[in-house]
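Trainee: Could you have a look at this structure, given as structure tokens, before my questions?
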Amino acid sequence: QVQLVESGGGLVQAGGSLRLSCTTSGRTFGNYAMGWFRQAPGKEREFVAGITWSGGYTPYADFVKGRFTIARDNAKNTVYLQMNSLKPEDTAVYYCAKGKYINVIFTTSGYASWGQGTQVTVSS
């Protein structure tokens, strides 16, 4: 069984930065894609960014392009999300997830295991 643990969330002012980390245990990454999603109160969980095992394909949601960067260190079984130029609308619980497939999937159905989430709050 795979466990995913996120860290790095917190409270930041608009324009600030945070770096989220997600470490897996129990099984290695394998050659599966990893993804970051977020969920704001009253809203559905939405795709933020994904990354293939090689790191060669990293799609982003339009609302974070140019501001967020996803990366992974397979030796450490860890995936990161660097978030810059944060906006109040980025406030949400952020989740990392291990994909079911090699390719990045943009919906939650494409992921087999989830972390518990980490809260990101951006004040105006």
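Trainee: How big is the range 1-45 on each of its three principal axes, counting only the C-alpha atoms and giving the largest first in Å?
Mentor: 36, 23, 16
Trainee: Which residue, Gly42, Gly56, Gly15, tops the fluctuation ranking in a GNM of the chain built on C-alpha contacts under 10 Å?
Mentor: Sorting by GNM fluctuation, first place goes to Gly42.
Trainee: Would you mind getting the accessible area per residue of the chain, heavy atoms of the protein chains only, 1.4 Å probe, in Å²? Kindly include the intermediate steps, with their values, before the conclusion.
Mentor: Working: 6210 Å² over 124 residues.
That works out to 50 Å² for each residue.
Trainee: Round to the nearest 0.05 the FRET efficiency obtained for Thr108 and Arg19 when R0 = 35 Å and r is the Cβ-Cβ distance. Walk me through the numbers on the way to the answer.
Mentor: Numbers: r = 23 Å, r/R0 = 0.67.
Computed FRET efficiency for Thr108 and Arg19 comes out at 0.90.
Trainee: While we're on this one: Which percent of the accessible area of the chain is formed by carbon and sulfur heavy atoms (probe 1.4 angstrom)?
Mentor: 49
Trainee: Using a Gaussian network model of the chain with C-alpha springs under 10 Å, which one of Arg45, Arg19, Arg67 is most mobile by mean-square fluctuation?
Mentor: For the chain, modelled as a Gaussian network with Cα springs under 10 Å, the answer is Arg67.
Trainee: Going by the alpha-carbon gyration tensor, a ≥ b ≥ c the square roots of its eigenvalues, is the range 80-124 rounded (a/c under 1.5) or, if a/c is not under 1.5, prolate (a/b greater than b/c) versus oblate?
Mentor: Here the range 80-124 falls in the prolate category.
Trainee: Taking the convex hull of the Cα atoms, report for the range 13-124 its projected area averaged over all directions, in nm². Display every interim value, and only then the final one.
Mentor: On the way: hull surface 26.1 nm².
With the hull built on Cα positions only, its mean projection is 6.5 nm².
Trainee: If you don't mind, there's one more thing I want to ask. If you wrap a convex hull around the alpha carbons of the range 56-97, what volume per residue comes out, as a whole number of Å³? Don't skip to the answer; put the middle values down first.
Mentor: Working: hull volume 3.6 nm³, N = 42.
So the per-residue hull volume is 87 Å³.
Trainee: Taking the Cα atoms of the range 26-89 alone, what are Rg (to one decimal) and Dmax (as a whole number) in Å?
Mentor: 12.7, 37
Trainee: Could you pull out the pairs from Lys65/Lys98; Lys65/Lys100; Lys65/Lys87 whose alpha carbons sit more than 19 Å apart here?
Mentor: Lys65/Lys98; Lys65/Lys100
Trainee: Relative contact order of the range 1-110, please, whole-number percent, based on alpha carbon pairs below 8 angstrom and at least 6 residues apart.
Mentor: Numbers: 231 pairs, mean separation 37.2, N = 110.
After rounding, I find 34 percent.
The values are calculated or read from the model by the stated rules, or taken from the named source; none is laboratory data. Everything quoted here is computed from the prediction, not taken from an experiment. A quick note on method: Cβ atoms are made from the backbone with ideal geometry, for glycine too, and the neighbour counts reach across all protein chains shown. We work out accessible area using only protein heavy atoms, side chains counted, and drop any ligands, DNA or RNA first. Shrake-Rupley method; radii C 1.70, N 1.55, O 1.52, S 1.80 Å.
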